[in-house]
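A.B. asks: The structure under discussion is supplied below as structure tokens; questions concerning it will follow.
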Ligand code: GLN
């Protein structure tokens, strides 16, 4: 089976190894015999969302978010429709912020988002930087997710928005309410860089599973696949932060 991943703005939205998420998806899909193809979408490059099975967009500095957000807004109706229709998407940090209603940058610029996730982001007092350990609300095994955060924005979930995880170590969405990220349907927004998927194979597999079942129907399965190296990397972080 072919799977097409649309990678939004790989040149401008790619911090702290975010592209590693694409490599992890590609690796674990290919190991299962899936023909995984990545289509890079930069500013002005169109796509037919009906031909896409998964979307990834990484984080970016405020200046880079400002460069791409108008183009991103132009994709609003097509992308929102596809996400509402179950298209899986992983959005990290700066991308996560722009999936919400708005992101107000550190110097007070308001960047409108596509409003798919019911979240808003405003500047926090101090940047949130460091390792993050959290417990996912998704049915994944292990529940623990590890990553690295570095963001100035503080994100607050609106009514009905479901957090991706509960923070055990780090700041997560805002350093106040103990939430990290947001999930709606098959869309995952998160502050976790690092990159996230190579150290959290349970999330990689969930995204692949969502993409395959969307194509083949709810009964479709993906083959079990050894994840001992990935989980060893996951455990190194847990040991390093002594949690
Ligand atoms: N520029 C945004 C912030 O500082 C996002 C940063 C990021 O993607 N790491 O909050």
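A.B. asks: Of all the residues that make up segment 127-155, how many are surrounded by 20 or more Cβ atoms within 10 Å (Cβ to Cβ), under 14 Å from residue 200 (Cα atoms) and in contact with a helix residue (DSSP H, G or I) (Cβ under 6 Å, 6 or more places away or on another chain)?
C.D. replies: 2
A.B. asks: So for segment 160-172 (the condition being in contact (Cβ under 8 Å) with a residue 60 or more places away in the chain, surrounded by 15 or more Cβ atoms within 10 Å (Cβ to Cβ) and within 22 Å of residue 56 (Cβ to Cβ)), does at least one residue qualify?
C.D. replies: The first filter runs over segment 160-172 and keeps only residues in contact (Cβ under 8 Å) with a residue 60 or more places away in the chain, leaving 168-169.
From what is left, the residues that are surrounded by 15 or more Cβ atoms within 10 Å (Cβ to Cβ) are 168-169.
Adding the requirement that they be within 22 Å of residue 56 (Cβ to Cβ) leaves none.
Checked against the condition, which is being in contact (Cβ under 8 Å) with a residue 60 or more places away in the chain, surrounded by 15 or more Cβ atoms within 10 Å (Cβ to Cβ) and within 22 Å of residue 56 (Cβ to Cβ), segment 160-172 yields no hits at all.
A.B. asks: I'm trying to understand the selection: among the residues of segment 4-48, which are farther than 18 Å from residue 98 by Cα and more than 18 Å from the chain's Cα centre (by Cα)?
C.D. replies: Listed by number, the residues that qualify are 30, 31, 32, 33, 34, 35, 36, 37, 45, 46, 47, 48.
A.B. asks: List the helices (runs of 4 or more DSSP H) that sit entirely inside segment 38-109 and contain at least 1 residues that are more than 12 Å from the ligand (Cβ to nearest atom) and surrounded by 18 or more Cβ atoms within 10 Å (Cβ to Cβ).
C.D. replies: Once the helices (runs of 4 or more DSSP H) in segment 38-109 are filtered for at least 1 residues that are more than 12 Å from the ligand (Cβ to nearest atom) and surrounded by 18 or more Cβ atoms within 10 Å (Cβ to Cβ), what remains is 62-74, 76-84.
A.B. asks: Confirm whether residue 189 is surrounded by fewer than 24 Cβ atoms within 10 Å (Cβ to Cβ) and either within 16 Å of the ligand (Cβ to nearest atom) or over 18 Å from residue 143 (Cβ atoms) (or both).
C.D. replies: No: the conditions fail for residue 189.
A.B. asks: Might you let me know whether segment 197-209 holds any residue that is in contact with a strand residue (DSSP E or B) (Cβ under 9 Å, 6 or more places away or on another chain) and farther than 26 Å from residue 31 by Cβ?
C.D. replies: no
A.B. asks: Might you check whether a residue that is modelled with pLDDT under 95 and surrounded by 16 or more Cβ atoms within 10 Å (Cβ to Cβ) occurs anywhere in segment 195-206?
C.D. replies: Keep residues of segment 195-206 that are modelled with pLDDT under 95, which gives 195.
Adding the requirement that they be surrounded by 16 or more Cβ atoms within 10 Å (Cβ to Cβ) leaves 195.
So far as segment 195-206 goes, yes, one or more of its residues are modelled with pLDDT under 95 and surrounded by 16 or more Cβ atoms within 10 Å (Cβ to Cβ).
A.B. asks: Select from segment 110-155 the residues that are within 14 Å of the ligand (Cβ to nearest atom) and either out of contact with any strand residue (DSSP E or B) (no Cβ under 9 Å at 6 or more places or on another chain) or without any contact (Cβ under 8 Å) to a residue 12 or more places away in the chain (or both) and list them in ascending order.
C.D. replies: Once the filter is applied, which keeps residues that are within 14 Å of the ligand (Cβ to nearest atom) and either out of contact with any strand residue (DSSP E or B) (no Cβ under 9 Å at 6 or more places or on another chain) or without any contact (Cβ under 8 Å) to a residue 12 or more places away in the chain (or both), segment 110-155 yields 110, 125, 126.
A.B. asks: Working only within segment 32-59, note down all residues that are within 12 Å of residue 5 (Cβ to Cβ) and in contact (Cβ under 8 Å) with a residue 60 or more places away in the chain.
C.D. replies: Once the filter is applied, which keeps residues that are within 12 Å of residue 5 (Cβ to Cβ) and in contact (Cβ under 8 Å) with a residue 60 or more places away in the chain, segment 32-59 yields 34, 53, 54.
A.B. asks: Identify all residues within segment 17-31 that are within 14 Å of the ligand (Cβ to nearest atom) and surrounded by fewer than 19 Cβ atoms within 10 Å (Cβ to Cβ); write none if there are none.
C.D. replies: Those that are within 14 Å of the ligand (Cβ to nearest atom) and surrounded by fewer than 19 Cβ atoms within 10 Å (Cβ to Cβ): 17, 19.
The values are calculated or read from the model by the stated rules, or taken from the named source; none is laboratory data. The model shown is predicted, which means the values in this text are computed figures rather than measured ones. Neighbour counts are summed over all protein chains in view; Cβ atoms, including those assigned to glycine, are modelled from backbone coordinates with ideal geometry.
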